[in-house]
Amino acid sequence: MKKLLAVLMVLCMLLSLAACGAEKPAETDPPKVDEPVVQEDPKVEEPKDPDPVTIRFWQAGGDTVGAASIMRLLLDKFEAQYPWITVDYQAIPWSNDPETQFQTGIASGDVADVLSLGDSKSFILAGEGGLLPLDDMLTEETKNDLSDLLKSAGVYYGSENPDAVGKMMYVAWYGGTRAILYNKAIFDHFGVEYPTERMTHAELLEMAKKLTGEMDGKQVYGFGTRATDSAQYIHFMWNYGASLIDQSTMRAGTDTEEWKKGTEDYLKFYTEGVTPEGSSAMDATTQLQMFVNGEIAMFVSAIDYAQAIRVEEGWEEKLGVAALVGETYATTYTGADVLAVPSTTQHPEEAALLLNFLLGPEAQAVYCKNVGFFPASKTASADPFFSDDPIQAGFAATMDGVHFYGNFGVSTGAILRAHMQMLLNGDYASIEEYQEALTAEINMACEEKFG
């Protein structure tokens, strides 16, 4: 348990979908992996008698357990296939704010040739003209093998860079979603059946009530949530059709009846006493500690958290996965980590070779099997591992209603967190007053961003 909590302490500092939370112990032996298979003939034109070239590859959030080790193995294979290319690889923890470093590096002209970062930040960089289009860098074979859902996340549609509209300015190389993780032992103790189908908000609340009580001398709460992370609750609003930002007006969509209904449903989990005390300001570390200690029956999480928990003694049998709740719609928070090429690169041909290699089915399968998440490659996704493994299959079942964040490069996360915490703390006299203040602040940010 101490080992798990040490991992989770670091994991909780990191937030993605994009893509997803991640963690990295200071010293971790590389996990056992499937041997990466060298991809033959990616059909990118190679120079004749090339001179030696060193390219840089920076990965934001490459600190998930085993991620850097797996990536280095893959890059070794890449270098073996293209012996004139050396890859200078750097994994930068999410806690070090790597995407701001990338943005600064692009502005100064000192940045890697290939970047891995979240889709939201890539949208911003594309709008600023900091990225090269990838349409001609990716082979037809690579493009045709990309997941339609994740492929769409890389096509730029913003108004700030008209020259980039409709072009693939970055490309998802894996994606992640959210699901409900639950402790089967707590369900068994209270005689509650495991969730097998997507529930409504009300059904989840009733289940949480039945799972709240005393067990083995501990107070157990039916549902763990926290207002410090909007990914824990924004799907409540999406499930009624609400939008964070209305794409037709590029202004806040938070002043609607749909947003109000979702907010009301989420608040009930607090007023009914099924969430731990202090949840309005709870951090991710505390939430995870309570779950692994058997004090929380269910909570919303990403797949890499699940993979970290399941390997601990006893958890392989106890850990369950259920789809997030639905209402008018059944939505699931999702995100993707994407590959991008800065416009300042001096090595676009070699960058293209690396892109196609990492997006190939062999590299995709190796990375995602050992690190987590879902591959962007259709061929890699067809591997039985992603359908037969109970944890992977549980998250895959939630992919039917995925919803990208939709902040269009506006820093809405901090705004949402602050106002939800104020609402839960009683700083607003009504939900309407909360909506008014929330909408005003998002509109100010949109005005600054879009004019």
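Structure notes:
- The stretch 129-167, subset surrounded by fewer than 16 Cβ atoms within 10 Å (Cβ to Cβ), at pLDDT 90 or above and of a type in the set (Gly, Ala, Ser), residue farthest from ALA336 (Cα to Cα): GLY129
- When TYR170 is tested against (1) buried (at least 18 other Cβ atoms within 10 Å of the Cβ); (2) assigned by TED's automatic domain parsing to the domain that holds SER248; (3) aromatic (Phe, Trp, Tyr), only condition (2) is not met.
- As a summary of the residue check, VAL300 satisfies the conditions (1) surrounded by fewer than 23 Cβ atoms within 10 Å (Cβ to Cβ); (2) more than 29 Å from MET168 (Cβ to Cβ); (3) not acidic (Asp, Glu) except for the one numbered (1).
- Among the criteria (1) out of contact with any Leu (no Cβ under 7 Å at 6 or more places or on another chain); (2) crowded, with 23+ Cβ neighbours inside 10 Å, the one VAL325 does not fulfil is (1).
- Residue among LEU134, LEU117 that alone is within 22 Å of TYR405 (Cβ to Cβ), under 19 Å from the mean Cα position of the chain (by Cα) and not assigned by TED's automatic domain parsing to the domain that holds THR412: LEU117
- Residue, surrounded by the most Cβ atoms within 10 Å (Cβ to Cβ), within the stretch 59-101, restricted to residues that are of a type in the set (S, T, N, Q) and at pLDDT below 90: THR64
Per-residue answers, yes or no, for (1) in contact with a helix residue (DSSP H, G or I) (Cβ under 8 Å, 6 or more places away or on another chain); (2) within 27 Å of PHE450 (Cα to Cα); (3) not in a strand (DSSP E or B):
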site	(1), (2), (3)
THR196	no, no, yes
GLU203	no, no, yes
GLU214	no, no, no
ALA227	yes, no, yes
ALA242	yes, yes, yes
THR249	no, yes, yes
THR275	yes, no, yes
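- Among the criteria (1) within 24 Å of SER411 (Cβ to Cβ); (2) at pLDDT below 70, the one LEU4 does not fulfil is (1).
- In the stretch 219-252, residue surrounded by the most Cβ atoms within 10 Å (Cβ to Cβ) [restricted to those that are over 25 Å from the mean Cα position of the chain (by Cα) and modelled with pLDDT of 95 or more]: TYR221
- Summed over the stretch 413-444, residues that are more than 23 Å from the chain's Cα centre (by Cα) and under 16 Å from ILE245 (Cβ atoms) total 7.
- Tally of residues being touching a Pro at 6+ places or on another chain (Cβ under 9 Å) and closer than 22 Å to THR196 by Cβ across the stretch 265-305: 2
- Of the helices (runs of 4 or more DSSP H) entirely within the stretch 85-171, those holding at least 1 residues that are aliphatic (A, V, I, L, M) occupy 98-108, 119-127, 148-152.
- Residue in the stretch 353-374 that is part of a helix (DSSP H, G or I), modelled with pLDDT of 95 or more, at negative phi and charged (D, E, K, R) present: yes
- Residue selected from the stretch 102-128 under the condition surrounded by fewer than 19 Cβ atoms within 10 Å (Cβ to Cβ) and among the hydroxyl-bearing types (Ser, Thr, Tyr), by the criterion farthest from TYR174 (Cα to Cα): SER108
- For the stretch 397-414, a residue qualifies if it is under 17 Å from PHE236 (Cα atoms) and crowded, with 16+ Cβ neighbours inside 10 Å, and the qualifying residues are THR398, MET399, GLY401, VAL402, HIS403, PHE404, TYR405, GLY406, ASN407, THR412, GLY413.
The values are calculated or read from the model by the stated rules, or taken from the named source; none is laboratory data. Fair warning: this is a prediction, and the values are worked out from it, not measured in the lab. Positions of Cβ are generated from backbone atoms using ideal geometry, with glycine treated the same way; all protein chains shown enter the neighbour counts.
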